[in-house]
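Before any comments, here is the structure.
Each value in this text was obtained by applying a stated rule to the coordinates, not by laboratory testing. None of the values given here were measured: they were computed from a predicted structure. Don't worry about glycine lacking a Cβ; one is built from the backbone with ideal geometry, like all the others, and counts go over all protein chains shown.
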Amino acid sequence: MDISSILQGGYQHPLSRSWQSRRQLTKSMLMYPIFITDDPDASTVIATLPAQRRWGVNKLAEFLGPLVKKGLRSVILFGVPLKCQKDGRGTPADDPEGPVIQAIKKIRELFPDIYIAADVCLCEYTSHGHCGLLHDDGTINTEPSVERLAQVAVNYAKAGAHCVAPSDMMDGRVKAIKRGLIDAGLGNKCTLMSYSAKFASSLYGPFRDAAGSAPSFGNRKCYQLPPAGKGLARRAIQRDVAEGADIIMVKPALPYLDIIADAAQLAPDHPLACYQVSGEYAMVCAGATAGVYDLRTMAFESVDSMIRAGATLILSYFTPQFLDWLDE
Ligand SMILES: [Zn+2]
């Protein structure tokens, strides 16, 4: 046998196998998505999203306390208003008494070392359930949408969010939000993480259940990217870098590993996030329940593939479990 044929000597030991990855999953690479509702005492099970709940601000200490002890470093907040009056421009999004702003303040007070990102979108707060403001004919009205999103982002940053993360996919919002942060004196105090390549995926179902954010008519295909749209994704990533995004994100993750790899090449000097979305998480859980694979092994395999593709930050509902698994 030729010398060049033998590879197995290089990974015969568990430790030498671990050296085969350029980077390995660490606790600091995990950001935990959490749902905050406007009933302060809520702890409500979400049927389609195993082991996840909607939380009220009064429950954040008991919910997050044990996770912080295990090494949780960051969260991303999604508001789930159930009682508010929704309207065409998503007025409740930055209500000072609303769930997101209240949760930002509460978490800052309870856990000063936790990094808080706030998802920025309007769909949870608009009467029509779309991510921007609409013309009379139901199409997106871009300019006022972007203006409103920037306003909401600045108000989250003022409340103490370390990071604002627009997920709406409106054209030009990264630039408007960055400008808004700078004008509010927060340009050097708040990170802008852009959902740059966010695809119109079938994997958001459990999230829409959790957040109550399904559109009342139509769909989001005019702003979220078509799943086969590799070129569009590349353009969106480059645009957001040019508009001032500090972190680029690809969403969903597992079916879009090539896009993560593209982003790593197009934005090599930026942190690169990916979102293992609700449907991916539910799929991994369901496969394990059906006996297709071991849950932990598959959870690691899925996330290791994202890191291999180039991700440096992973938003995952598996975060609580990874905090345990990474200690073992
Ligand atoms: Zn939205």
- Treat each spin label as a single point 7 Å out from the Cα along the C-beta direction, and report the GLU147 to ALA184 distance in nm. 1.7
- So which lysines can LYS158 reach, going by Cα to Cα under 22 Å and dropping same-chain residues fewer than 8 places off? LYS105, LYS106, LYS175, LYS178, LYS189
- Under 5 Å, built H, 5+ apart or other chain: amide partners of ALA118: LEU77, CYS163, VAL164, ALA165
- By average Cβ neighbour count within 10 Å, what is the ranking of 210-222, 137-149, 276-288 from highest down? 276-288, 137-149, 210-222
- Query: Can you put HIS128, HIS135 in order, fewest other beta carbons within 10 Å first?
  - Reply: HIS135, HIS128
- Query: Along segment 85-101, what does the Karplus equation 6.51 cos²θ - 1.76 cosθ + 1.60 (θ = phi - 60°) give for ³J(HN,Hα), rounded to whole Hz, x for Gly and Pro?
  - Reply: 8, 7, 9, x, 10, x, 3, x, 4, 10, 4, x, 9, x, x, 5, 5
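When every alpha-carbon pair in the chain is counted, what percent end up more than 35 Å apart? Let's see the in-between values first.
On the way: 9855 of 53628 pairs.
More than 35 Å apart: 18 percent of the Cα pairs in the chain.
Can you check what the net charge comes to around CYS163, using other residues whose Cβ is under 11 Å from the Cβ of CYS163 (Lys, Arg +1; Asp, Glu -1)? Kindly include the intermediate steps, with their values, before the conclusion.
Details: positive: LYS189; negative: ASP119, ASP246.
Local charge sum for CYS163: -1.
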- Message: Quick check on the chain: helices-only [θ] at 222 nm, where DSSP H runs of length 4 and up contribute -39,500 (n - 2.57) each and the sum goes over total residues. Nearest 500, please.
- Response: -11000 deg cm²/dmol
- Task: With label points built 7 Å along Cα→Cβ from the Cα atoms of ALA242 and VAL45, find their separation and express it in nm.
- Result: 5.0
- Whichever aspartates and glutamates have a C-alpha closer than 18 Å to that of LYS83, once near sequence neighbours (fewer than 8 apart) are set aside: ASP38, ASP39, ASP41, ASP94, ASP95, GLU97, GLU124, ASP209
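Tell me the net charge near LEU232. Cut-off is 15 Å between Cβ atoms, LEU232 excluded, with +1 for each Lys or Arg and -1 for each Asp or Glu. Spell out each step's value before the answer.
Numbers: positive: LYS198, ARG220, LYS221, LYS230, ARG234, ARG235, ARG239, LYS251; negative: ASP171, ASP240, ASP258, ASP262.
Every neighbour counted, the sum reads +4.
Count the DSSP beta bridges whose two residues both fall in segment 23-325, then state the antiparallel fraction as a percent rounded to the nearest 5. Working shown, then result.
Working: 4 of 39 bridges.
Antiparallel bridges: around 10 percent, rounded to the nearest 5.
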- Item | In sequence order, calculated HN-Hα J values of segment 133-147 (Karplus, 6.51, -1.76, 1.60; Hz; x Gly/Pro) | 8, 10, 6, 4, 7, x, 8, 5, 9, 5, 4, x, 4, 5, 4
- Query: Using Cα atoms only, what is the angle between the long axis of helix 278-289 and the major principal axis of the chain, expressed in degrees (0 to 90) to the nearest 10?
  - Reply: 40
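What does the charge add up to near GLU301, with Lys and Arg as +1, Asp and Glu as -1, over the other residues with Cβ less than 11 Å from its Cβ? Write down the numbers at each step before the final one.
Details: positive: ARG296, ARG308; negative: ASP294, ASP304.
Local charge sum for GLU301: 0.
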- Message: I'd like the distance between the alpha-carbon centres of segment 104-160 and segment 185-206, rounded to an integer number of Å.
- Response: 11
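Starting from 0.36 nm per residue, how many nanometres of slack lie between TYR11 and GLU301 once their C-alpha separation is accounted for? Kindly include the intermediate steps, with their values, before the conclusion.
Working: separation 290, 0.36 × 290 = 104.40 nm, distance 1.73 nm.
Result: 102.7 nm gained on full extension.
If R0 is 35 Å, what FRET efficiency do you get for HIS162 and ILE3 from their C-beta distance, rounded to 0.05?
On the way: r = 52 Å, r/R0 = 1.48.
According to the calculation, E is roughly 0.10.
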- Query: Relative to the first principal axis of the alpha-carbon coordinates of the chain, what is the inclination of helix 173-183, with its axis defined by its Cα atoms, in degrees from 0 to 90 and to the nearest 10?
  - Reply: 70
- For the chain, the longest principal axis of the Cα atoms and the Cα long axis of helix 60-69 enclose an angle in degrees, to the nearest 10, of 30
